[in-house]
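None of the figures in this text is laboratory data; all of them are computed from the coordinates on show. Note that the structure is a prediction, hence the values are computed from the model and not measured. As a convention, Cβ positions derive from the backbone with ideal geometry for all residues, glycine included, and neighbour counts pool all protein chains shown.
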Amino acid sequence: MQLEVDIAGKAFENAAGERHAVLAGVNFSLRAGEVGVLVGPSGCGKSTMLRILVGLDRDYQGHVSRPSGARLGMVFQEPRLLPWRSVEDNVRLAAPLVDEARLSALFDVLELNEHRGHFPGELSLGLARRVALARAYAVEPDFLILDEPLASLDDALVGRLRDQIALLVESRSMITLLVTHNLDDAVRLGDRLLLLSARPARIIADLQIRTPRGARGEAEFAAIKADIARLTNGDRAGRDAS
Amino acid sequence: MLRLLSFTVFLAAWWIASLLGGDAKLPSPPAVLSVVIDEARSGALFVNLGATLARVALAFTLAMTLGSAIGYLMGRVRLADRLGDPWLILLLNLPALVVIVLAYIWAGLTEVAAIAAIAINKLPTAVVTLREGTRTLDAALDEMATVFAIPRWRTFRHVILPQLAPYIAAAARSGLSLVWKIVLVAELLGRPNGVGFEIGVAFQLFDIPLLLAYSITFAAVVLIIETVLVQPFEVRLSRWRPRAA
């Protein structure tokens with residue numbers, strides 16, 4: 001099972017009728033069991049790319065092939081829960097086939113059991129994110145997309161949620177695509193880092209991390225980050241020269 | 001408690017006014033009450049109230065269903081909005097009396113004509129309210145439903161309908177009060193029974209106690225339906241909202 005992405009270009013037309021290129025050549029593939037991370041500066045077109053990948057946006061040049069019949073699970077940047085349904089009902093609506101045992105195991109991992117009956121309006125952002133994660137995971141996805149799942153949370157919470165995401169990602173063989181602008185999250189969660197340039201986005205490097213997630217140490221994180229810094233700076237210098 | 005108090009104040013004001021103005025123009029509460037009891041004993045009160053309520057129920061249901069469907073369509077489909085808009089403006093501004101008279105002329109003095117005329121009067125406000133509601137639907141939630149491949153019907157029931165609920169409640173609330181008013185006119189002009197018909201008779205005979213007896217019972221029924229049906233329904237719909245301080 002494999003995701004093949006070959007987007008040649010994507011442009012928006014603004015209200016004044018001017019065309020703005022958002023994506024300029026994004027080409028990669030991801031296998032099941034692999035965690036791909038799209039890393040790029042804010043506003044470089046990551047969310048636009050995700051919309052194309054999940055089929056919400058069909059107006060682009062190029063080709064995206066998702067495995068046929070693949071179930072999609074997605075954690076949106078803002079949780080997008082139904083405020084009028086309880087936590088449990090929100091999950092069950094997306095995943096009507098989930099049984100009680102699996103659901104309570106999932107809620108255990110994400111520490112959501114005591115919040116089952118709460119409405120999303122009563123939850124903090126961190127909790128709402130975890131509900132969104134539970135929903136995406138409960139559908140038993142073949143393709144899981146996480147759009148900035150750790151943005152605007154405090155550090156302690158980020159650490160815990162990151163571990164929980166790692167646990168969920170390990171426990172099921174699926175294609176996982178994480179989008180972030182935070183290098184820490186990228187090097188801790190990803191197997192492959194796809195570095196994006198500033199708008200219009202194209203892939204400037206495709207880094208493979210061979211050490212398993214659990215075995216990575218601070219030294220390795222630092223080395224990878226240094227690599228990334230070199231690659232992204234090179235990109236900037238190259239463009240300045242041209 | 002407060003409601004009771006305000007009701008007592010109303011009764012007292014009525015009584016004083018009748019003492020000052022004279023029984024001929026404004027009969028006192030006991031005089032009206034005795035007429036109510038007489039009408040209830042003979043059964044006429046229930047027949048007429050029942051006929052009116054049945055017309056209200058039918059016209060209201062018809063207008064709400066049709067109005068919601070059209071409003072939703074106009075909110076979602078641009079072409080439908082463009083095509084329907086002039087009709088909507090026409091209907092919104094057409095006097096109720098014109099609709100009722102035309103309906104009786106074209107369809108005869110029949111029940112169908114009466115109910116259709118009442119429904120047509122209420123229809124445009126329901127359409128407008130639901131159209132506004134549909135325009136405010138959250139596209140982000142639609143996308144969520146698409147990504148998770150939630151079937152259409154379930155999306156409608158769990159994602160769309162709860163967002164429209166406040167608009168449906170508002171349309172129902174304003175629509176019901178409109179129907180209460182118009183149903184009496186329709187009955188006065190062309191039905192042989194109902195509260196509106198009785199009020200017409202009382203007016204022709206200058207029978208003020210009878211007129212007041214029907215008006216008051218009718219108002220009481222409206223009040224009861226509002227408190228027993230409409231308000232609890234609204235509370236239930238908004239139970240997920242954090243309580244306002």
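A few points about this structure:
- Cβ-defined net charge surrounding A:S29, 12 Å radius [Lys, Arg +1; Asp, Glu -1]: -1
- Charge sum, other residues only, whose C-beta stays under 13 Å from B:D81's C-beta, Lys/Arg counted +1 and Asp/Glu -1: +3
- Taking one quarter of the surface of the C-alpha convex hull of the stretch B:101-175 gives a mean projected area of 6.4 nm².
- All lysines inside 30 Å of B:K122 as judged from Cα atoms, apart from same-chain residues fewer than 8 positions distant: B:K181
- Cα convex hull volume per residue for the stretch B:57-121 (Å³): 78
- Likely footprinting exposure, A:M174, A:M1, fewest C-beta neighbours within 10 Å first: A:M1, A:M174
- Note on the stretch A:137-242: the alpha carbon radius of gyration divided by the globular reference 2.2 N^0.38 Å gives 1.16.
- Residues A:L82, B:L97, arranged from fewest to most other Cβ atoms within 10 angstrom of their Cβ, appear as B:L97, A:L82.
- Surrounding net charge for A:N182, when Lys and Arg each add one and Asp and Glu each subtract one, Cβ distance under 15 Å: -1
- Computed log₁₀ I(q)/I(0) - Debye formula, equal Cα scatterers, no solvent, the stretch A:1-142, q 0.12, 0.17 Å⁻¹: -0.62, -1.01
- Extent along the principal axes, Cα only, for the protein assembly as shown: 100, 48, 39 Å, with the longest axis given first.
- Ellipsoid semi-axes for the stretch B:167-222, based on the Cα gyration tensor and the rule √(5λ), read 25, 13, 7 Å when sorted largest first.
- The base-10 log of I(q)/I(0) for chain A, evaluated at q = 0.16, 0.17, 0.18 Å⁻¹, reads -1.21, -1.33, -1.44 [Debye formula, identical scatterers on Cα atoms, solvent excluded].
- Neighbour counts of C-beta atoms inside 10 Å place B:Y214, A:Y60 in the sequence A:Y60, B:Y214, starting with the fewest.
- Cα gyration tensor, the stretch B:20-68 - rounded (a/c under 1.5), prolate or oblate: oblate
- Three principal axis lengths of the stretch B:48-237 [C-alpha, angstrom, descending]: 68, 36, 22
- Under 28 Å from A:K225, Cα to Cα: lysines that are on another chain or at least 8 residues apart: A:K46
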